[in-house]
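Note sheet for the following structure.
The values are calculated or read from the model by the stated rules, or taken from the named source; none is laboratory data. The structure presented is a predicted model; accordingly, all values stated were derived computationally and were not measured. Here Cβ is always computed from backbone atoms with ideal geometry, including for glycine, and neighbour counts include all displayed protein chains. Heavy atoms of the whole protein, side chains included, go into the accessibility calculation; ligands, DNA and RNA do not. Shrake-Rupley method; radii C 1.70, N 1.55, O 1.52, S 1.80 Å.
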2 protein chains.
Amino acid sequence: MSLDRRQFLGSVPVVSGAALLATSPARASGPSTRMKLTFRPYTLELKHVFTLATSSRTTTPVVLTQIAYGDRIGYGEASMPPYLGESHDSATAFLSKVDLARFEDPFRLEDILRYVDELAPGNPAAKASVDIALHDLVGKLMGQPWFRVWGLDPGRAPYTSFTIGIDTPDVVREKTREAAEFKLLKVKLGRDTDKEIIEAIRSVTNVPLCADVNQGWKDRAQALDMLQWLKEKGVVFVEQPMPKELAADNAWLTERSPIPIVGDEAVQRLADVRKASGVYSGINVKLMKSTGMREAHAMITTAKALGMKVLLGCMTETSCGISAAAQLSPMVDWADLDGALLIRNDPFQGARVVDGKVTLSDAPGIGLT
Amino acid sequence: MSLDRRQFLGSVPVVSGAALLATSPARASGPSTRMKLTFRPYTLELKHVFTLATSSRTTTPVVLTQIAYGDRIGYGEASMPPYLGESHDSATAFLSKVDLARFEDPFRLEDILRYVDELAPGNPAAKASVDIALHDLVGKLMGQPWFRVWGLDPGRAPYTSFTIGIDTPDVVREKTREAAEFKLLKVKLGRDTDKEIIEAIRSVTNVPLCADVNQGWKDRAQALDMLQWLKEKGVVFVEQPMPKELAADNAWLTERSPIPIVGDEAVQRLADVRKASGVYSGINVKLMKSTGMREAHAMITTAKALGMKVLLGCMTETSCGISAAAQLSPMVDWADLDGALLIRNDPFQGARVVDGKVTLSDAPGIGLT
């Protein structure tokens with residue numbers, strides 16, 4: 001099912017938060033001066049089968065949120081690839097507990113998002129869907145996109161990588177040719193066919209590559225050999241080469257690697273940045289891990305202060321989640337924001353990829369247009 | 001000389017920046033669409049003689065800045081206690097090099113402040129005077145005070161400490177009585193009379209104390225004894241107990257101290273936060289060290305992510321510098337923002353101390369009223 005964008009945005013949400021039910025005295029001042037959170041499950045249809053080391057799928061469940069305040073609406077999204085443990089059910093259950101009507105002022109991001117975070121452990125994507133909608137709302141109230149509020153130059157937004165899925169050499173060559181727009185290609189490694197895939201891509205293009213191993217390598221000496229080979233093949237960084245639990249092995253590898261090693265599974269939230277220092281040379285920040293834009297901004301700030309590289313990543317997401325992440329993109333070294341390019345039923349328009357580069361709109365909030 | 005506030009704010013600045021002289025083509029679009037920096041030396045008259053371990057003085061040189069853009073003006077300040085090496089001459093020489101007309105958009109804080117920082121090494125207070133005026137301008141363009149832009153709750157602003165100067169026990173008792181409004185008193189230690197001063201204060205009040213040693217202790221074992229005695233006397237943290245060069249001794253002390261140890265002289269800018277981790281349990285952030293609000297915000301964010309405490313401090317400053325720092329105060333553990341209370345010729349009104357608490361105004365920018 002593919003919803004027309006206007007139909008979707010204009011429709012009455014089918015599920016409403018505690019905001020509609022609670023009876024706190026603060027409500028007395030009338031609905032137009034209080035925030036109201038609503039949300040709606042949605043299913044992203046992928047253009048191509050998405051293959052990871054352990055699974056394949058053709059859809060991704062998301063929940064789309066709205067925060068209404070006066071005559072403004074902020075839009076948000078939770079994207080929940082099934083292997084990360086969140087789902088339509090878990091996210092709607094979490095969001096049903098969120099009562100934003102208890103807060104008078106949407107600008108109190110610190111207090112509001114602390115309250116949301118403390119409602120239950122986990123649920124990072126569901127929490128992000130509130131954070132993103134709130135940033136969209138507050139940015140609209142200020143009349144500014146967040147990259148401007150944060151003082152950033154949109155021209156410094158990096159090129160985004162585009163992922164070439166795992167497949168036969170012939171199909172990999174075909175996909176690589178189709179991705180000629182992109183200035184950085186990403187390949188998933190960690191299987192027997194790693195070298196074969198790299199060679200297939202290199203038979204078509206000399207564009208820089210990055211590689212995501214998803215914890216797939218188990219022997220650090222073999223991993224170091226592979227890193228040296230990958231550097232020769234023009235790979236510029238590698239994500240999460242070994243299991244996140246093996247901090248000492250990942251640190252050993254980082255110390256010796258000829259290219260930066262980026263922690264992904266090992267780095268979820270702000271508290272993980274400190275632990276990643278000395279273990280990885282960079283971190284992969286994703287809104288759906290970090291609980292949203294506010295904590296992601298703090299993670300990037302902290303990582304840079306610790307001398308670490310930053311990759312800004314995503315899940316398969318609509319242009320809502322991608323545009324929110326893109327607000328941060330002028331701060332980072334590399335971006336992996338191809339999520340909205342992989343789906344066929346994106347109900348939003350916002351930040352775009354133009355000639356491989358993350359391109360921000362001037363629209364306020366998260367920049368949906 | 002004491003200038004009336006309106007007189008000062010309305011007067012034509014006597015010194016103008018490179019903006020007035022340069023001839024870049026960008027100027028062609030007319031003065032109203034370009035930023036123009038002007039600045040004026042000013043001398044703060046202290047209410048009381050200010051005594052440090054090595055000097056006494058009755059004035060502090062500052063430079064007051066303005067950035068005009070269209071019909072808006074942002075206000076800033078450089079405060080330059082002489083022992084830190086900046087002066088009217090050094091600051092006006094630095095500010096004369098700053099050409100903001102090369103930037104079209106005041107919101108490009110990252111680019112503009114990087115340009116200012118790279119004009120010359122050092123000059124942190126002069127750089128801060130540009131940063132503060134730019135934040136004031138951009139906040140006014142957004143119609144918001146920065147604490148709101150940063151998502152902070154002004155109710156979380158801490159009590160500020162008030163410094164009891166070094167003096168005879170009788171005078172210390174008298175000063176302590178006069179400071180009854182304050183919920184945290186600060187005392188400068190590092191002399192033979194340390195215990196005498198603490199006892200004099202304690203003969204008058206049981207209010208919590210903090211102590212600034214300004215690198216005055218030379219023997220770590222004696223310092224630890226003193227810290228234990230100070231804890232018994234209700235001292236809640238100590239600043240810079242030993243020389244900043246003795247990182248190992250300061251770390252030894254921090255590990256064993258019964259109260260937090262805050263690095264001040266050891267922590268100037270963002271790059272120092274990482275080095276302070278493991279050496280101190282907290283850092284003292286001051287706009288005149290950090291080069292302004294933007295880097296101070298990053299320092300606080302990073303320190304908190306590293307599990308460190310944060311003290312927000314100041315020099316003797318007008319309400320301009322204090323109001324700028326106060327925007328950050330809801331983020332920190334302790335504030336030492338009594339600088340404007342110590343002068344008799346403050347040309348500004350902004351953040352105030354009410355019943356000992358930092359109290360923010362809702363005025364946009366840095367909150368001058």
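Of all the residues in segment A:115-136, those that are more than 11 Å from every other protein chain (Cβ to nearest Cβ), of a type outside the set (G, A, S) and assigned to a helix (DSSP H, G or I) number 9.
If the condition is being within 14 Å of another protein chain (Cβ to nearest Cβ) and under 25 Å from A:K188 (Cα atoms), then segment A:300-322 contributes A:I300, A:A303, A:M308, A:V310. Among the residues of this structure, B:V353 counts as one that is at pLDDT below 95 and open to solvent by 10 Å² or more (accessible area, probe 1.4 Å). Per this entry, A:T205 is counted among residues that are within 18 Å of A:V236 (Cα to Cα) and open to solvent by 10 Å² or more (accessible area, probe 1.4 Å).
Counting the residues of segment A:328-349 that are among the aliphatic types (A, V, I, L, M), open to solvent by 10 Å² or more (accessible area, probe 1.4 Å), within 14 Å of chain B (Cβ to nearest Cβ) and farther than 16 Å from A:K183 by Cβ gives 1.
Looking across A:D131, A:D99, A:D105, one residue alone is closer than 21 Å to A:M80 by Cβ and not small (G, A, S). It is A:D131.
Of the numbered conditions (1) at pLDDT below 95; (2) polar (S, T, N, Q); (3) under 26 Å from the mean Cα position of the chain (by Cα), B:Q215 fails exactly one; give the number of that condition. In the conditions (1) at pLDDT below 95; (2) polar (S, T, N, Q); (3) under 26 Å from the mean Cα position of the chain (by Cα), B:Q215 misses (1) alone. Restricting attention to segment A:137-153, the residues that are among the β-branched types (V, I, T) and either more than 10 Å from every other protein chain (Cβ to nearest Cβ) or out of contact with any Leu (no Cβ under 9 Å at 6 or more places or on another chain) (or both) add up to 1.
B:L189 satisfies every condition listed in (1) surrounded by fewer than 21 Cβ atoms within 10 Å (Cβ to Cβ); (2) modelled with pLDDT under 95; (3) touching a Gly at 6+ places or on another chain (Cβ under 9 Å) except (1). The set of residues from segment B:118-137 being among the acidic types (D, E) and touching a strand residue (DSSP E or B) at 6+ places or on another chain (Cβ under 8 Å) comprises B:D131, B:D136. Is it fair to say B:G234 is at pLDDT below 95 and touching a helix residue (DSSP H, G or I) at 6+ places or on another chain (Cβ under 8 Å)? The answer is no for B:G234.
Only residues that are out of contact with any Phe, Trp or Tyr (no Cβ under 7 Å at 6 or more places or on another chain) and more than 14 Å from B:V238 (Cα to Cα) were counted in segment B:170-194, giving 14. When we screen A:R177, A:R148, A:R173 for residues that are over 23 Å from A:K289 (Cα atoms) and surrounded by 24 or more Cβ atoms within 10 Å (Cβ to Cβ), the only hit is A:R148. Condition (residue is under 19 Å from B:V130 (Cβ atoms) and touching a Cys at 6+ places or on another chain (Cβ under 6 Å)) applied to segment B:67-89: is it met by at least one residue? So far as segment B:67-89 goes, yes, one or more of its residues are under 19 Å from B:V130 (Cβ atoms) and touching a Cys at 6+ places or on another chain (Cβ under 6 Å). Summed over segment B:254-311, residues that are in a strand (DSSP E or B), open to solvent by 20 Å² or more (accessible area, probe 1.4 Å) and over 22 Å from B:S129 (Cα atoms) total 2. Taken over segment B:34-89, residues that are closer than 27 Å to B:Q215 by Cα and of a type in the set (A, V, I, L, M) amount to 9.
Residue by residue through segment A:106-155, note down the ones that are more than 18 Å from the chain's Cα centre (by Cα) and on the phi > 0 side of the Ramachandran plot. Once the filter is applied, which keeps residues that are more than 18 Å from the chain's Cα centre (by Cα) and on the phi > 0 side of the Ramachandran plot, segment A:106-155 yields A:G143, A:G151. Restricted to segment A:92-114, and to residues that are crowded, with 21+ Cβ neighbours inside 10 Å and in a helix (DSSP H, G or I), which residue is nearest to the other protein chains (Cβ to nearest Cβ)? Among those residues, the one meeting the criterion is A:L109.
Working only within segment A:208-242, note down all residues that are open to solvent by 10 Å² or more (accessible area, probe 1.4 Å) and closer than 19 Å to A:A179 by Cα. The answer is A:P208, A:K233, A:G234, A:V236. Checked against (1) within 14 Å of chain B (Cβ to nearest Cβ); (2) outside any loop (DSSP other than H, G, I, E, B), A:A325 meets all criteria but (1).
Of (1) touching a residue at least 60 places away in the same chain (Cβ under 8 Å); (2) open to solvent by less than 10 Å² (accessible area, probe 1.4 Å); (3) among the aliphatic types (A, V, I, L, M); (4) touching a helix residue (DSSP H, G or I) at 6+ places or on another chain (Cβ under 6 Å), A:L360 satisfies all except one. Which? With respect to (1) touching a residue at least 60 places away in the same chain (Cβ under 8 Å); (2) open to solvent by less than 10 Å² (accessible area, probe 1.4 Å); (3) among the aliphatic types (A, V, I, L, M); (4) touching a helix residue (DSSP H, G or I) at 6+ places or on another chain (Cβ under 6 Å), A:L360 is out only on (2). Among the candidates A:G139, A:G151, the residue that is in a helix (DSSP H, G or I), of a type outside the set (K, R) and closer than 30 Å to B:Y115 by Cα is uniquely A:G139.
Can you tell which of B:G70, B:G139, B:G155 is of a type outside the set (D, E, K, R) and free of Cβ contacts under 8 Å to residues at least 60 places away in the same chain? Going through B:G70, B:G139, B:G155 in turn, just one is of a type outside the set (D, E, K, R) and free of Cβ contacts under 8 Å to residues at least 60 places away in the same chain: B:G70. The set of residues in segment A:154-205 being part of a helix (DSSP H, G or I) and within 14 Å of another protein chain (Cβ to nearest Cβ) consists of A:P154, A:G155, A:R156. Please specify each residue of segment B:45-91 satisfying the condition of being hydroxyl-bearing (S, T, Y) and open to solvent by less than 30 Å² (accessible area, probe 1.4 Å). Answer for segment B:45-91, where residues must be hydroxyl-bearing (S, T, Y) and open to solvent by less than 30 Å² (accessible area, probe 1.4 Å): B:T60, B:T65, B:S79.
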